[in-house]
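Reading through the structure tokens given below for one structure.
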Amino acid sequence: MVKYCKRCYEENPDSASKCSNCNTEFEIDYSIENRKSRQPVHHKSIRDHESRAVKIFTFILVIFITFIGFLIYFGLSGQFGFAGINCQINEDFYFEGNYLNTSEGWSFTMTKVKDYTLEGIVIALKTYDKSDFPYDPVNIFSPIDLAIGIEDIMENPEKYDYSITSFNNRVCNWYLNYDDNLVYQYFKSHTGNNHIIPHNQEVLNELSNVSVNDCVDITGSLVNLYGVRGGQNYHWNTDTGIGNYACEIILVDSITIIN
């Protein structure tokens, strides 16, 4: 016959008055007949379960922190980052008449919509790289977007109290801190996001010098593009004028910083 300590569940002789492990006095008979209703706890098993739970919790915590870090990195860089321009003409992309070809196997047919000139102030910009996520085949030959304000917004920039709220997926979003609807409508109709395709090395070099609040003079053409690679195809169509959230695709022959 044996008895089990109610405190540590150590096995003791039936004749013991105290637990041989923790010296707890026996007040109740925990004989062998009572084992069926009260089994001893196996401390090793409890420790194993606790250790496994800690490991699982730690793993989940590391995954969560990593995920949050990626969100912060891509969110901030995606909205406001200027990663620089690192593509090269005749290496990453090249022109053959009305065709624009890339080193990744895309061939784009360029259709000229009209000649285009644009003079304005850069209110925001965003650069792109071929390795950006999610993948977009135009990033390799259109490495920068310029959000530009024209006319009075360029001439009197301090008059317009605006904030760039995001610059993602080649779309620039802004907020104008005015209750005046006329001011809002003017700002909306005199700003636009411009997708820039450098047509030569001089333009590509100058784009690296453009900063927010610079005034620029751009000359080139508005174009539509239709790209194919194997069984894939890609349409990229331009608007025809700045304003009302328009996005122009400009094949730029020259760009000058004028301030």
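The values are calculated or read from the model by the stated rules, or taken from the named source; none is laboratory data. What you see is a predicted model; the values in this text were computed from it and never measured. Heads up, the Cβs are rebuilt from the backbone with ideal geometry, glycines too, and the neighbour counts pull from every protein chain shown.
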Practice task
Considering only residues that are of a type in the set (A, V, I, L, M) and part of a loop (DSSP other than H, G, I, E, B), look in the range 3-32 and name the one that is modelled with the lowest pLDDT.
Solution key: ILE28
Problem - Residue pairs meeting the criteria (Cβ under 8 Å; at least 6 apart or on separate chains; first under 30 Å from PRO137 (Cα atoms) and in contact (Cβ under 8 Å) with a residue 40 or more places away in the chain, in the range 154-182; second small (Gly, Ala, Ser) and exposed (fewer than 11 other Cβ atoms within 10 Å of the Cβ)) - result: TRP174/SER163
Completion exercise
Residue hits (the range 96-113; over 15 Å from LEU225 (Cβ atoms) and touching a strand residue (DSSP E or B) at 6+ places or on another chain (Cβ under 6 Å)) are GLY105
Practice task
Of all residues in the range 89-124, count the ones that are under 18 Å from ASN139 (Cα atoms), out of contact with any helix residue (DSSP H, G or I) (no Cβ under 7 Å at 6 or more places or on another chain) and exposed (fewer than 14 other Cβ atoms within 10 Å of the Cβ).
Solution key: 5
Exercise for the section: Using the structure shown, decide if SER142 is in contact with a strand residue (DSSP E or B) (Cβ under 7 Å, 6 or more places away or on another chain), free of Cβ contacts under 8 Å to residues at least 60 places away in the same chain and hydroxyl-bearing (Ser, Thr, Tyr). Expected result: no
Exercise for the section: With a cut-off of at least 3 residues that are hydrophobic (A, V, I, L, M, F, W, C), name the helices (runs of 4 or more DSSP H) lying wholly within the range 152-259. Expected result: 181-189, 201-207
Handout entry: Qualifying positions in the range 103-143 - assigned to a loop (DSSP other than H, G, I, E, B) and more than 25 Å from ASP217 (Cβ to Cβ)
Key = SER103, GLU104, GLY105, TRP106, ASP129, LYS130, SER131, ASP132, PHE133, PRO134, TYR135, ASP136
Completion exercise
Among (1) in contact (Cβ under 8 Å) with a residue 12 or more places away in the chain; (2) within 15 Å of GLU248 (Cα to Cα), CYS215 falls short only on (2)
